[in-house]
2 protein chains.
Amino acid sequence: MARNTHVAADHNAPPVTRILGRYVATHPSRGWSDAVDHEAHRTFMNWLGCAVGAAQHESAVAALAAVAELQPAAQATVLGRAQQVDMASAALVNGITSHTFDFDDTHLKTIIHPAGPVASAVLALAEHTGASGRAVIDALVLGIDVACRVGNAMYPDHYDRGWHITGSTGMLGAAAACARLMGLDEDKTVMALGIAASQPVGLREQFGTMTKPFHPGGAARAGLMSALMARHGYTASAKALEAPRGFMQVISAKSDWNEITDELGTRFEISFNTYKPFACGIVIHPSIDACVQLREQGVTPENVERIELIVHPLVLELTGKKEPTDGLLAKFSVYHGCAAGLIFGRAAEEEFSDHIVTRDDVVALRRKVVATADGGVDEAAALVKAVLKDGREINVRVDHAIGSLQRPMTDANLDAKFHALADPILGEARVRELIGACWRLGDAADVRTLTALARP
Amino acid sequence: MARNTHVAADHNAPPVTRILGRYVATHPSRGWSDAVDHEAHRTFMNWLGCAVGAAQHESAVAALAAVAELQPAAQATVLGRAQQVDMASAALVNGITSHTFDFDDTHLKTIIHPAGPVASAVLALAEHTGASGRAVIDALVLGIDVACRVGNAMYPDHYDRGWHITGSTGMLGAAAACARLMGLDEDKTVMALGIAASQPVGLREQFGTMTKPFHPGGAARAGLMSALMARHGYTASAKALEAPRGFMQVISAKSDWNEITDELGTRFEISFNTYKPFACGIVIHPSIDACVQLREQGVTPENVERIELIVHPLVLELTGKKEPTDGLLAKFSVYHGCAAGLIFGRAAEEEFSDHIVTRDDVVALRRKVVATADGGVDEAAALVKAVLKDGREINVRVDHAIGSLQRPMTDANLDAKFHALADPILGEARVRELIGACWRLGDAADVRTLTALARP
């Protein structure tokens, strides 16, 4: 309880709520490079595949059962399922499913998973209103820019103190995106951001439970409802983000206002979005990548005596579970990630299923992994040494894992990932159509042609 | 930006999430004194009157227009209006209306308005499921106990750093009450509290806008949905409240765990609930009370030169608006409160309407009020001196305003307040019936007999 309770408030913050509201309301459609627009399509497609893939997960089933008690109108698709629910509930459930496998996109500067809150809100609204694909892409780019810029301003302090930053910035991104899609003017967009500012969602203590994926879902719903309320004249503080008792100063000791305003409209944070090759927290990826490379160099579960891992302390803080007992907990175990990489050469959702996580050979190999924290190792890196039973040692150093900005997933990689996730739910032929619709989303006259393909 | 970012986490907190979950799930029905049970009825009635009274307010209209876009099922009553909406939306809107006039109940130890989140959630759920009045009263007592005990543990630090504590504890109270009403077992009640813990709602920067009353509404909806999700097997951390990266340590530097556990089941925080005679923030009440007393002693707007007010610094910090330009802002003006008390002898909702707030004589008298902050004056007190034009001075000292625990509103006072609020909406005869139904709520076989009376 040693936190300093004396808060020296910053009374001279720039009016970032209004600056962002104006930006979202007035930035031109497709007012960015082709590369940014393509990245938006990649972000959308990766998000959609994750959501479809988790459509039958028990967290989706539980959330939908709760939603069903509200007797919702059939307004928007629950991705990967036959039913439709009201758009706010669709935003909630699709936000949950898209993050359930921890397989969604990551804005590496902040560890925000921006599509979960933003795309879940905007697609549900767009489907109900029959919006164009262009309007959805525009809203997605701008909404993600808002969430990630606010995240940049508060990271790392905000995250360090225990907020799950995806849900505690995502409601702003979702509100911005929905306000844009609705065509709200600057003043009402400011109000939408203001209403959303009172509703951060997410604590890191929830990691390893269904409430972790609830965070982007809850943020999506909060953002969509905030924009709806603003449209109908509901008011909030126009300084809700920056005031001394506003959002950022209340939930973070760090508020770098320049991160919000610098290069606004010319630098787009979606450019820094990445997509995961492995179905778990990003901090484990370098270690898995290294173990996959060890496997390619002939290391096997049979011939290995010990695997020595040296990583940044954050890796063990976030994913230090040594003996995960089910798939959800295994997502927070760098030990399991290494075992999966070495045994299977991959770590997709299947490798985080309960029956794999508890398999004898997996448990045995996991126990051979010895991890050491070293502040001198970059968070993006991993140093891995395999000590073999015959005494040989094989070293692999990963500076940037596959899926990083330096070694991005290709479009073909994303197609393959989408198929692996969605084929079991929708069938291969339908998925091929859906992938095509994703790549062409910016040209679609009505997003309902796409959402119809996402129902079995 | 001087807040200390180095957080020394408390790893030895008692398991308060589970302790509260067990308490809510297992405490006997009516397991408290007649006085506590009667206070629960007073709390319920005062809350209901406030909600009905604000049914036509523009914030209710705006919120309902947003809700209508979801095409909600007719499950629960919007109090004071003909329509019904889904129970989650009813919890939202009734939470908003009950706090719109700042006329609802106050747990003075924490400045929490506990009924807004808790009663709004539980009545909506009870109406949809046809629960008994006894079940509602039980849920209300236990839900308010949870919200206020968590508030006691974090107050004042949590409030000082900018959280609107009503909405940032209310989702826990609402989740607890709804879990109780649903009959969830201990484990599922713990999950309901855990899911709710990720959803605190409310920033003090929003004071003076519609988003202030949104906070109890948003908390009511979040709590109800958390209980519904827990019922269907959705999971959360069972240490969501107390863990180092759980709710309390993340959003407050003060976590007095004993406030949660001491006398649990024998001391009920609803016993410390109070009801406002004046339609504004509680901190202004001693000043208004004093000015009403000045009026009774012959001070008039015509014969007064100046009114000198000495109050605790918090009063001016919260309600220091000197020139409020509309009714909502006037709620945060101790200057306006004094003028209303002296001119009208009361400060009900009418005295905070736009046309009164901007009336020339009111503006003129407001400018004669000079307020001084003095840390030596108790928050509950006010020292007021009227300096008359003839040179005389009249002093009034209020140590505890009417409506305080020391000078509580009587049941008859509450009846009169209810009539003043609800008669314009429902008519006097219907309101008399509704008041009777409130006092007999604990004996009602089905709360729908009461909610039917709350629709015009």
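Coordinate-derived values only; no laboratory data. It should be emphasised that the depicted structure is a prediction, and the values quoted were computed from it without experimental measurement. Quick reminder, even Gly has a Cβ in these numbers, built from the backbone with ideal geometry, and neighbours come from all protein chains shown.
Farthest towards the positive end of the charge dipole of the protein assembly as shown, among the residues A:372, B:401, B:67, is the Cα of B:67, using unit charges on the Cβ of Lys, Arg, Asp and Glu. Annotation for residue B:71, label-to-label distances across the other copies: 1.5 nm (shortest first, one decimal, point 7 Å from Cα along Cα→Cβ).
What number does region B:282-398 give for Rg over Rh if you use C-alpha atoms and the Kirkwood radius?
0.93
Of the residues A:193, A:117, A:162, the one whose Cα sits farthest toward the positive end of the charge dipole of region A:72-215, with +1 on the Cβ of Lys and Arg and -1 on the Cβ of Asp and Glu, is A:162. Membrane-span-like helices in chain B (whole DSSP H runs, Cα extent of at least 24 Å along the helix axis, mean Kyte-Doolittle hydropathy of at least 0.0): B:133-154, B:165-182, B:211-231. The alpha carbon centroids of region A:116-172 and region B:299-366 are separated by 42 Å.
Across the residues of B:53-61, average count of Cβ atoms on other protein chains within 10 Å?
Working: counts 0, 0, 0, 0, 0, 4, 4, 0, 3.
Counting other chains' Cβ atoms within 10 Å and averaging over B:53-61 gives 1.
Considering only alpha-carbon pairs that sit under 8 angstrom and 6 or more positions apart, the relative contact order computed for chain B is 21 percent. Remark: A:358, A:266, B:43 ranked as A:266, A:358, B:43, counting other beta-carbon atoms within 10 Å and listing the fewest first. Just so you know, the Cα atoms of region B:1-136 work out to an Rg and Dmax of 18.2, 53 Å. Stick to Cα atoms and the Kirkwood definition of Rh, then tell me Rg/Rh for the protein assembly as shown. That ratio equals 1.00. Sequence-distant contacts, meaning Cα pairs under 8 Å at least 6 residues apart, place the relative contact order of region A:282-398 at 41 percent.
Please report A:252, A:226, A:404 as a ranked list, fewest other C-beta atoms within 10 angstrom at the top and most at the bottom. Each step should come with its number before you reach the end.
On the way: A:252 26, A:226 33, A:404 20.
Going from least to most buried by this count: A:404, A:252, A:226.
Which percentage, to the nearest 5, of the DSSP beta bridges contained in region A:282-398 is antiparallel? Intermediate results must be reported in sequence, preceding the final value.
Numbers: 13 of 18 bridges.
Approximately 70 percent, going by the DSSP bridge assignments.
About its Cα centre, what dipole magnitude does region A:282-398 give when the only charges are +1 on Lys and Arg Cβ and -1 on Asp and Glu Cβ, stated in debye to the nearest 20? Value, rounded to 20: 240 debye.
Under the definition of Cα pairs under 8 Å and six or more residues apart, what whole-number percent is the relative contact order of region A:187-227? Please list the in-between numbers first.
Numbers: 23 pairs, mean separation 22.9, N = 41.
Value for region A:187-227: 56 percent.
Taking every Cα-Cα distance in chain B and sorting them into 10 Å bins from zero, the calculated P(r) comes out as 5, 22, 31, 25, 13, 4, 0, 0 percent.
Can you list residues whose amide H is under 5 Å from residue A:274's amide H, if they're 5+ apart or on another chain and H is modeled 1.01 Å from N? Here the answer is A:106, A:107, A:108, since their amide H atoms fall under 5 Å of that of residue A:274. When every Cα-Cα distance of region A:117-169 is counted in 5 angstrom steps from zero, the calculated P(r) takes the values 4, 20, 25, 17, 13, 11, 7, 3, 0 percent. Given +1 at the Cβ of Lys and Arg, -1 at the Cβ of Asp and Glu and no other charges, the dipole of the protein assembly as shown around its Cα centre is 140 debye to the nearest 20.
Can you put A:417, B:212 in order, fewest other beta carbons within 10 Å first?
On the way: A:417 23, B:212 30.
In order of increasing Cβ crowding within 10 Å: A:417, B:212.
Bridgeable aspartates and glutamates around residue A:389 (alpha carbons under 12 Å apart, same-chain partners fewer than 8 residues away excluded): A:302, A:305. Farthest towards the positive end of the charge dipole of the protein assembly as shown, among the residues A:410, A:272, A:240, is the Cα of A:410, using unit charges on the Cβ of Lys, Arg, Asp and Glu.
In peptide B:241-254, what is the residue-averaged number of other protein chain Cβ atoms found within 10 Å of each Cβ?
Mean partner shielding for this stretch: 5.
Near residue A:331, which lysines are there with a Cα under 21 Å away, not counting those fewer than 8 places off in the same chain? Within the straight-line limit of under 21 Å, residue A:331 reaches these lysines: A:109, A:212, A:276, A:321, A:322, A:368, A:417, B:239. Charges were assigned to the Cβ only: +1 to each Lys and Arg, -1 to each Asp and Glu. The resulting dipole of chain A about its Cα centre is roughly 500 debye.
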